[in-house]
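The values are calculated or read from the model by the stated rules, or taken from the named source; none is laboratory data. This one's a predicted model, so the numbers in the text were calculated from it and none came from an experiment. Here the Cβ positions follow ideal geometry from the backbone for every residue, glycine too, while neighbour counts run over all protein chains shown. Just the protein is used for accessible areas: all its heavy atoms, side chains included, with ligands, DNA and RNA removed. Shrake-Rupley method; radii C 1.70, N 1.55, O 1.52, S 1.80 Å.
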Amino acid sequence: MLVHYLLTLVSIASFAMAGGAADFIINAGGSGSTGGSSVKITNQEATNTEKRIPIIIDMDADNDDIIAVIQALNTPSLDVRGLSVSGIAWGHGSQGQTLADLADTFRPNDKIPVAVGPCQSLTDLKYGNGSLYQNSVPAGAGGILDADLMFGLVQRLDRTKRQWRNAANPGLVENHLKNWIDKTIDETGLKPTILITGTATDVTLLFRAYPEYAKKVERIVWMAGALDVPGNLYTVPTNTKAEFNAYLDCVAGQELLANPDVSLTLVPLDFTNQVVLDSTIFSSLAASQSFASTFVHDLLELQVSPYGGADAFYASYSLWDPQALAVVMNIGVIDYETNVRLSQQCGGDSTTDGAFTRLPAGSKGANVMIAKKAAITPTAASNPILQALVHVLK
């Protein structure tokens, strides 16, 4: 309970420094608590506990990944140490250029490194299915094409002059991740947190090549999976239990969950489904005239029509990856389920692969903490998770 409480103090401090609401109510009852005590933290008290969190973000660079990156780059309490993207799932490896552009737009002096991972999943490689799993992601409008181009908004970004990738010797993503971890520890004395907002491919390749590095990461926060709610594989209707990030490379996810040296915080659909969007998120973003706020507003607005209109968009779309970033900072999380062991179905069967299952107590595997209960508010704009996004973009 003490660890949960202290983490919460640090995260609320981060939100307060970014311009968040003046007062916060924190449940100090710990995981599984239905009662517990509550502590009121004022803005002034929160500012005294600020601590920067070194973070590496590994993603598939879909639109919500991009929003999470913009948020992270504008959050003073986060020390972004590297950005990596795989060519799997909802974006191509060419999005590495977009990440370099974003990094140099919002943190021009930091020269944040960018790396590109493989363009084929470990699952498709293992089961000889070519691109069976990758093909579950729509390729055209509303799918990879619009993710790569961000519905045309990519043209608003200034192209960085930095040579962020050596085409003659680009290096393997696992080596880049290793170097970023080493540099973070050397320069800050802290282990980095890795936020995964896509498949677990790149991080699994890291641990395959350098098993000891699982202990050099503070924790992994992964937006993935569905436990007690239906999955979201709308392109694979025969699979009702899997979520896209888990499904698209279930071999990688299976290895990550089986690794006993991994400390993993899972942000499943069970959590993200609780934070519902509405029109107030648009009005809150529109109230600011900053480049970042306008960019995020327009990126969200351009997705309304492909979803079939506002009502369908609010019912189906979630800011999944900004929510996972909020979990990194412990913002808006009411309760966690701790000391969990999970397995992931993965046998080359698209109708069942990607599903998560809780294992009996005492089972071996990654030590998993699950973000279980999110703050629920009358409007999207009043939700602390979404407020954390809006306030840092002003």
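Once segment 231-249 is narrowed to residues that are farther than 16 Å from THR357 by Cα and not hydrophobic (A, V, I, L, M, F, W, C), the residue that is least open to solvent (accessible area, probe 1.4 Å) is ASP249.
Within segment 378-394, residues that are open to solvent by 20 Å² or more (accessible area, probe 1.4 Å) have Cβ atoms under 8 Å from residues that are in a helix (DSSP H, G or I) and aliphatic (A, V, I, L, M) in these pairs: ALA381/ILE281; ALA381/VAL390; PRO384/ALA326; GLN387/ALA381, counting only partners at least 6 apart in sequence or on another chain. Among the candidates TYR336, TYR317, the residue that is in contact with a Lys or Arg (Cβ under 6 Å, 6 or more places away or on another chain) and open to solvent by less than 20 Å² (accessible area, probe 1.4 Å) is uniquely TYR336.
Which ones in segment 292-313 are of a type outside the set (Val, Ile, Thr) and in contact with a Ser or Thr (Cβ under 8 Å, 6 or more places away or on another chain)? I'd like the intermediate steps shown before the answer.
Taking segment 292-313 first, the residues of a type outside the set (Val, Ile, Thr) are 292-293, 295, 297-303, 305-313.
Answer for segment 292-313, where residues must be of a type outside the set (Val, Ile, Thr) and in contact with a Ser or Thr (Cβ under 8 Å, 6 or more places away or on another chain): TYR307, ALA310.
Of the set (1) surrounded by 24 or more Cβ atoms within 10 Å (Cβ to Cβ); (2) without any contact (Cβ under 8 Å) to a residue 40 or more places away in the chain, all apply to ILE88 but (2).
Does SER131 fit the bill of being surrounded by fewer than 19 Cβ atoms within 10 Å (Cβ to Cβ) and of a type in the set (Ser, Thr, Tyr)?
Values: surrounded by fewer than 19 Cβ atoms within 10 Å (Cβ to Cβ): yes; of a type in the set (Ser, Thr, Tyr): yes.
Yes, satisfied.
None of ASP228, ASP270 is among the acidic types (Asp, Glu), assigned to a helix (DSSP H, G or I) and open to solvent by 10 Å² or more (accessible area, probe 1.4 Å) except ASP270.
Pairing each residue of segment 357-374 that is among the hydroxyl-bearing types (Ser, Thr, Tyr) with any residue that is assigned to a strand (DSSP E or B), provided the two are 6+ apart or on different chains, yields C-beta distances under 7 Å for THR357/LEU342; THR357/SER343.
If the condition is being touching a Leu at 6+ places or on another chain (Cβ under 8 Å), open to solvent by less than 80 Å² (accessible area, probe 1.4 Å) and either farther than 25 Å from ALA324 by Cα or β-branched (Val, Ile, Thr) (or both), then segment 163-193 contributes VAL173, THR184. Sort out which residues of segment 224-238 are among the small types (Gly, Ala, Ser) and touching a strand residue (DSSP E or B) at 6+ places or on another chain (Cβ under 9 Å), and write them in order of number. Passing the criteria: ALA224, GLY225, ALA226. For segment 250-264, check the following and say yes or no: at least one residue is over 30 Å from THR188 (Cβ atoms), assigned to a helix (DSSP H, G or I) and open to solvent by 30 Å² or more (accessible area, probe 1.4 Å). There is at least one residue in segment 250-264 that is over 30 Å from THR188 (Cβ atoms), assigned to a helix (DSSP H, G or I) and open to solvent by 30 Å² or more (accessible area, probe 1.4 Å). For THR160, state whether it is of a type in the set (Val, Ile, Thr), over 26 Å from LEU256 (Cα atoms), in contact (Cβ under 8 Å) with a residue 40 or more places away in the chain and buried (at least 18 other Cβ atoms within 10 Å of the Cβ). The answer is yes for THR160.
Can you confirm whether segment 266-279 contains a residue that is modelled with pLDDT under 95 and under 16 Å from the mean Cα position of the chain (by Cα)? No, every residue in segment 266-279 fails to be modelled with pLDDT under 95 and under 16 Å from the mean Cα position of the chain (by Cα).
With respect to being within 18 Å of THR280 (Cβ to Cβ) and under 20 Å from the mean Cα position of the chain (by Cα), SER382 falls outside the description. Hey, among ALA68, ALA72, which residue is surrounded by 24 or more Cβ atoms within 10 Å (Cβ to Cβ), out of contact with any strand residue (DSSP E or B) (no Cβ under 6 Å at 6 or more places or on another chain), assigned to a helix (DSSP H, G or I) and at pLDDT 90 or above? Criteria check complete, one pass: ALA68.
Considering segment 304-356 alone, what residues qualify as being of a type in the set (D, E, K, R) and without any contact (Cβ under 8 Å) to a residue 12 or more places away in the chain?
Quick first cut of segment 304-356, residues of a type in the set (D, E, K, R) only: 311, 321, 335, 337, 341, 349, 353.
Matches in segment 304-356: ASP311, ASP349.
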